[in-house]
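Below is one structure, written out as structure tokens; comments come after it.
The values are calculated or read from the model by the stated rules, or taken from the named source; none is laboratory data. This is a predicted model, so every value here is computed, not measured. Heads up, the Cβs are rebuilt from the backbone with ideal geometry, glycines too, and the neighbour counts pull from every protein chain shown. Heads up: the accessible areas ignore ligands, DNA and RNA and are worked out on the full protein's heavy atoms, side chains in. Shrake-Rupley method; radii C 1.70, N 1.55, O 1.52, S 1.80 Å.
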Amino acid sequence: IRDEERGYNKNLFCIPKHYEEDIERVFIPHGLILDRTERLARDIVQDLGSHHIVALCILKGGYKFFADLLDHIKALNQNGDQSVPITVDFVRIKSH
């Protein structure tokens, strides 16, 4: 996002009441994030071909993105010409 990017007016979105006073504008709409996540899944499947995918999720914040990405990869597996094997694991990292 460029520094001069103004984003979208928050009135174009459904924002929870408890965030209304804290949000001035929306820079990246949820639909755009979902679209880019789907594109990333396609790129991963295309780049890895039939190689085994080991998907590692960093807990405490990454789970929702990880789940969305895997859902897109699974959909591509079901609808594509070939199926890519996937192993899923989770790690929790503490910073000190």
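Go through (1) of a type in the set (Asp, Glu); (2) open to solvent by 100 Å² or more (accessible area, probe 1.4 Å); (3) within 11 Å of the chain's Cα centre (by Cα) one by one and return the number of the condition Asp35 breaks.
Asp35 satisfies all of (1) of a type in the set (Asp, Glu); (2) open to solvent by 100 Å² or more (accessible area, probe 1.4 Å); (3) within 11 Å of the chain's Cα centre (by Cα) except (2).
Considering each of Arg42, Arg2 in turn, give the residue that is outside any strand (DSSP E or B), under 24 Å from Ser83 (Cβ atoms) and open to solvent by 100 Å² or more (accessible area, probe 1.4 Å).
So the residue among Arg42, Arg2 that is outside any strand (DSSP E or B), under 24 Å from Ser83 (Cβ atoms) and open to solvent by 100 Å² or more (accessible area, probe 1.4 Å) is Arg42.
Here are some conditions: (1) under 20 Å from Asp35 (Cα atoms); (2) modelled with pLDDT under 80. Lys60 meets all but one. Which one does it not meet?
Checking Lys60 against (1) under 20 Å from Asp35 (Cα atoms); (2) modelled with pLDDT under 80, the one that fails is (1).
How many residues, within the range 53-65, are touching a helix residue (DSSP H, G or I) at 6+ places or on another chain (Cβ under 8 Å) and either closer than 20 Å to Glu5 by Cβ or part of a helix (DSSP H, G or I) (or both)?
Residues meeting the conditions: 1.
Among (1) open to solvent by 100 Å² or more (accessible area, probe 1.4 Å); (2) on the phi < 0 side of the Ramachandran plot, there is one condition Lys60 misses while meeting the rest; what is its number?
It fails just one condition, (2).
Any residue in the range 76-90 that's closer than 14 Å to His51 by Cα: show its pairings with residues that are in a helix (DSSP H, G or I) and open to solvent by 60 Å² or more (accessible area, probe 1.4 Å) at Cβ separation under 7 Å, as long as the two are six or more apart or on different chains.
Here the result reads Val84/Leu48, each pair linking the range 76-90 to a residue that is in a helix (DSSP H, G or I) and open to solvent by 60 Å² or more (accessible area, probe 1.4 Å).
With the structure loaded, tell me whether His72 is part of a loop (DSSP other than H, G, I, E, B) and either of a type outside the set (Val, Ile, Thr) or loosely packed, with under 10 Cβ neighbours inside 10 Å (or both) or whether it fails that test.
No.
Restricting to the range 13-33, what's the tally of residues that are of a type outside the set (Gly, Ala, Ser), under 26 Å from Asp71 (Cβ atoms) and out of contact with any His (no Cβ under 9 Å at 6 or more places or on another chain)?
Count: 11.
Output the residue which, of all residues in the range 5-29 that are part of a helix (DSSP H, G or I) and in contact (Cβ under 8 Å) with a residue 12 or more places away in the chain, is most open to solvent (accessible area, probe 1.4 Å).
Once the filter is applied, the top-ranked residue is Leu12.
Tally the residues that are open to solvent by 90 Å² or more (accessible area, probe 1.4 Å) and closer than 21 Å to Leu34 by Cβ, restricting the search to the range 75-96.
Residues flagged as open to solvent by 90 Å² or more (accessible area, probe 1.4 Å) and closer than 21 Å to Leu34 by Cβ within the range 75-96 amount to 2.
Is it the case that Ser50 is loosely packed, with under 13 Cβ neighbours inside 10 Å, among the polar types (S, T, N, Q), free of Cβ contacts under 8 Å to residues at least 24 places away in the same chain and not in a helix (DSSP H, G or I)?
No, not satisfied.
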